[in-house]
Structures are given as C-alpha cells and as structure tokens.
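The block underneath contains the structure these notes are about, expressed in structure tokens.
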Amino acid sequence: MRSNKLVTFLEMIKFEHTVFALPFAFMGAMLGAVIGHGHLPSWAQIGWIILAMVGARSAAMGLNRIIDKTFDKNNPRTARRAIPAGLLSSKEVILFVIVSFIVLFVATANLSTLAIQLLPLAVFMLVFYSYTKRFTWACHLILGLTIALAPLGGWVAVTGRIDGYALLLYVSVALWTAGFDVIYACQDVDFDRQAGLHSIPQRFGVARALWMAKGFHFLTAVGFLCLFLLVNELSWLYFVGVIISYGLLIYEHLIVKPSNLSKLNTAFFTMNGVLSIVIFTFTCIDLAVHYVW
C-alpha cells in the first residue's frame, strides 16, 4: 500500500521530468566551480544540490497540482491526475509540499550564503508560476525563468556569486524551457479557450505558436554557442555536445506541425530530455578531461 502511494506521488510530480532541470543544475555547478575556483565541485556540494533540486521541484509540482486541481478535473487530458482522480487528497499533497520545502531549506543552508539569501526569490517563483496562466500568455517565459533557476542555483551554490556567464546560461535554459512548453501547450488550446486560461497557442494560434517556439530555441542555440566562444575552460568536446543538441532541436520542430500534433510527446519529453543529458554529459567530459585527468 505504501509503495503504491509512493508511486502515486512520483507520478503526481512527474518525477521523470527531472531530466529537464537536474542535468543543467549539475552543469551550472561544474562550470561555476571551474570558472570561479579552477576545480570541480565537491561531492558534498553535488549531494546538497541534488537534495535542493528534489525539494524545489517536488514542492513546485505539488503546489501546481493543488492550485490547478479544478482545471485538472475539467480537462480530459489531466482528469486522471492524482487529486482529481481521488488517488491523493489535497491535505496529503499540502503535507508533501511542506516536507519538500523543508528539504529545500536544509539543502540550501548547507550551500553558499548567497544561495540562502536568494531562496525567498526562488520560492516566490515556484509558487507564482502556477498562477500565471490565469492572466498572461507569457506564462511559458515565466516557467522558463523558474526552471532555469536550476543551473543558476547550481552556479550560486558553489561560487557564492552571479556573473555574466551564469546569466547567459540562465537565459539560454529559460528560453529552451519556454520553447518546449509552448509546444506542449498546443494540445490544450481548446480547453484553455473554454476555461479562460492564457497561453501562446491560445493567444496566437498553434501555427504562430510553433514559430515562436522555434524563435525561443534559436536564441537558446545562440546562447549555447556564446558559452563556447566566451568560456575559455570549454573546448571542442563541449562544442560537439552543442552540435548534437542543435540536431535534436531541429528534429523536435520537424516532427510537430500545426496540422499534426501526434508526435508532440516525443518532441516535448524525449527530445528535450535527451538534449539536457547530452549537453551536461559533454560538458562534464570536457571539464573532467582538463581538471581531473
């Protein structure tokens, strides 16, 4: 029974979607440590970053499920989620959110002073995002700015500061997230219009929304390239990862068309999950080659 409840909680927070943000959190920590201190982050720092990520993401998803439970119940695509389906009660999810925030606070307290000082802002963003679809089609950009706190947080955790490189990575990941969230939102256009919710596809139509997603991802590609050109610690190994990520982004947009959204989940989850792992893996290998071997 307890194992079934755990599975339900993991399904509620879409645990598998951690693959979007966690690799970039590690990437931010590794780049920050190498650029700022000339060495890779410690295992203790990595451990606390993992706990902070788990706490932040679990709290954010739990809050989103509570805040949107009425919309989830009325949307055929989301009606089977844990709360509207009666698999979890709102009280259980609230308790889960509280525990998740405690984990986030404890983990952050064991990282840098600046990470602690910025924690209220991070918590605000985690809570605020879930309300943005009620009043602005720019909700995708706000989600991007929220999820991109992962690499920025990783950077701040090991360096205790924010510099131009950190902000470049932050903006690049934010635009990448906004782009794939626009694609994902295309499947809910009809419901959003009926429910009075806002999104780029609902405001501009699916065809224009997909072009806007391409624009966001083009800027992401520029950002990844700028990191290669500006960060002396990165070499051709990182650049290989960037080229592969470009191919993934291109393929993602080729398989989703306004008249055919059948491959939307492949474009949303598979391609972007692989992209984050690819970028991190090649960055990790690149930095490890120079600072370990």
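Okay, here's what the table says:
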item	result
Separation of alpha-carbon centers, the stretch 135-158 and the stretch 27-62, rounded to whole Å	15
Furthest towards positive pole of dipole, 264, 4, 254, structure part the chain, Cβ charges	4
Listed peptides 80-89, 177-186, 57-66 by packing density, highest first (mean Cβ within 10 Å)	177-186, 57-66, 80-89
Karplus-derived HN-Hα couplings along the stretch 175-190 (A = 6.51, B = -1.76, C = 1.60, θ = phi - 60°), whole Hz, x at Gly and Pro	5, 4, 5, 4, x, 6, 6, 4, 4, 4, 6, 4, 6, 10, 4, 4
Whole-Hz ³J(HN,Hα) from phi, Karplus 6.51 cos²θ - 1.76 cosθ + 1.60, for the stretch 271-280, glycine and proline x	4, 6, x, 5, 4, 4, 5, 4, 4, 5
GNM flexibility winner over the chain from 95, 141, 234 (Cα, springs under 10 Å)	95
Filter on 14/214; 14/73; 14/69; 214/257 - keep pairs with C-alpha separation over 20 Å	14/214
Helix-only [θ]222 nm of the chain, DSSP H runs n ≥ 4, -39500 (n - 2.57) each, per residue, nearest 500	-25000 deg cm²/dmol
Ordering of 256-264, 154-162 by packing [mean C-beta count within 10 Å, highest first]	154-162, 256-264
Anisotropy class of the stretch 113-264 from Cα gyration tensor, a/c 1.5 cut	oblate
Residue among 62, 119, 45 farthest towards the positive dipole end of the stretch 2-291, charges placed on Cβ	62
Rounded, prolate or oblate (a/c below 1.5 giving rounded, otherwise prolate when a/b exceeds b/c) for the stretch 34-157 by Cα gyration tensor	prolate
Mean separation of Cα contacts under 8 Å, 6 or more apart, over the residue count of the chain: relative contact order %	21
Potential lengthening between residue 95 and residue 167 on full extension [0.36 nm per residue; Cα-Cα distance subtracted]	22.5 nm
Vicinal HN-Hα couplings computed from phi for the stretch 126-133 (Karplus, 6.51 cos²θ - 1.76 cosθ + 1.60; Hz; Gly/Pro x)	4, 7, 5, 3, 4, 9, 5, 5
Between the stretch 188-218 and the stretch 64-89, the Cα center-to-center distance that results, in Å	22
Charged-residue dipole, Cβ positions (Lys, Arg, Asp, Glu), the chain about Cα centre, Debye nearest 20	880
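Each reported figure results from applying straightforward, stated rules to the coordinates on display, with no laboratory input. Remember, it's a predicted structure, so these values are computed and weren't measured experimentally. Cβ: placed from backbone, ideal geometry, glycine included. Neighbour counts: every protein chain shown.
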